[in-house]
1. List pairs: first residue in segment 3-18 and among the aliphatic types (A, V, I, L, M), second residue part of a loop (DSSP other than H, G, I, E, B) anywhere in the structure, Cβ distance under 7 angstrom, at least six positions apart or on different chains.
2. Show the residue pairs that are 6+ apart or on different chains and have beta-carbon atoms under 9 Å apart, the first residue being within segment 19-43 and surrounded by 15 or more Cβ atoms within 10 Å (Cβ to Cβ), the second being of a type in the set (V, I, T).
3. I'd like the full set of residues that are in a strand (DSSP E or B) and polar (S, T, N, Q), limited to segment 1-43.
Amino acid sequence: VSTNARCGSQFGGQTCQGSSWGNCCSNWGYCGSTGGYCAAEICQKEYGSCN
């Protein structure tokens with residue numbers, strides 16, 4: 001689980017699932033819980049939840 005709100009392959013493969021910032025990992029490698037992170041077309045489904 002991410003410790004710094006970053007996620008994805010470019011940040012050591014950290015996942016957002018269960019992180020304090022949100023469960024979604026955006027294409028830019030940030031964890032969050034809004035549409036800007038969770039929308040299917042901009043979300044990394046391997047590293048958290050997606051809509």
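1. Listed pairs, sorted by first residue: A5/W21.
2. Matching pairs, first to second residue: S19/V1; S19/T3; G22/T34; N23/T15; C24/T34; C25/T15; S26/I42; C31/T15.
3. From segment 1-43, those in a strand (DSSP E or B) are 6, 8, 14, 24-26, 30-32, 43; that's our starting set.
Q14, S26 - these are the residues of segment 1-43 that are in a strand (DSSP E or B) and polar (S, T, N, Q).
Only the coordinates and a few stated rules stand behind these numbers; no lab work does. This is a predicted model, so every value here is computed, not measured. Reconstructed Cβ throughout: ideal geometry from the backbone, glycine too, with neighbour counts over all protein chains shown.
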